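The values are calculated or read from the model by the stated rules, or taken from the named source; none is laboratory data. Predicted model only: the values in this text are computed from it and were never measured. All Cβ positions, even for glycine, are placed from backbone atoms using ideal geometry, and neighbour counts span all protein chains on display. Ligands, DNA and RNA are excluded from the accessible area calculation, which covers all protein heavy atoms including side chains. Shrake-Rupley method; radii C 1.70, N 1.55, O 1.52, S 1.80 Å.
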Amino acid sequence: MTDQTDTSSGWLGIAIVWAIALIGAVVVVALAYSGTAAWFGDASRLGVYGALGIVLAASVIAALIVQLATRRPEGFVMRVSWSVTGAAAIVAIAALVVAPLAAS
């Protein structure tokens, strides 16, 4: 029998998902402030929020993939919850940053 030790608490996987959300949010905000008008075929002022929604969706999928890749069932729900909560907070901050553009 192989001795398995738990050397990782899963924070690396959580940080990876947060990094994905942060990079995606920065790209969307930078493009929004550079004057990009059309987002995935939506030329309205609110199209930027559709792009942020895709960033959040990609982060949720990444959270599931990364946490499943750890092959540790203990704490799976907690790790995914932290991953998705952090990604949602990052996307929410990005949505507040682009709010002045959507209002104008």
The chain - accessible surface per residue (Å², probe 1.4 Å):
63 Å²
Here P(r) for the chain, Cα-Cα distances in 10 Å bins, as whole percents, is 16, 40, 23, 14, 5, 2, 0
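How large is the convex hull of the Cα atoms of segment 56-104 per residue, expressed in Å³ as a whole number? Intermediate results must be reported in sequence, preceding the final value.
Working: hull volume 2.7 nm³, N = 49.
Once divided by residue count, the hull of segment 56-104 is 54 Å³.
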Which one of Leu56, Val29, Ile14 has its Cα pushed farthest toward the positive end of the charge dipole of the chain, where Lys and Arg give +1 and Asp and Glu give -1 at the Cβ?
Val29
Contact order relative to length of the chain, as percent, for alpha carbon pairs under 8 angstrom and 6 or more apart:
41 percent
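When the accessible area of the chain is computed with all protein chains present and a 1.4 Å probe, what percentage of it is carbon and sulfur? Let's see the in-between values first.
On the way: 4800 of 6530 Å².
Carbon and sulfur: 73 percent of the exposed surface of the chain.
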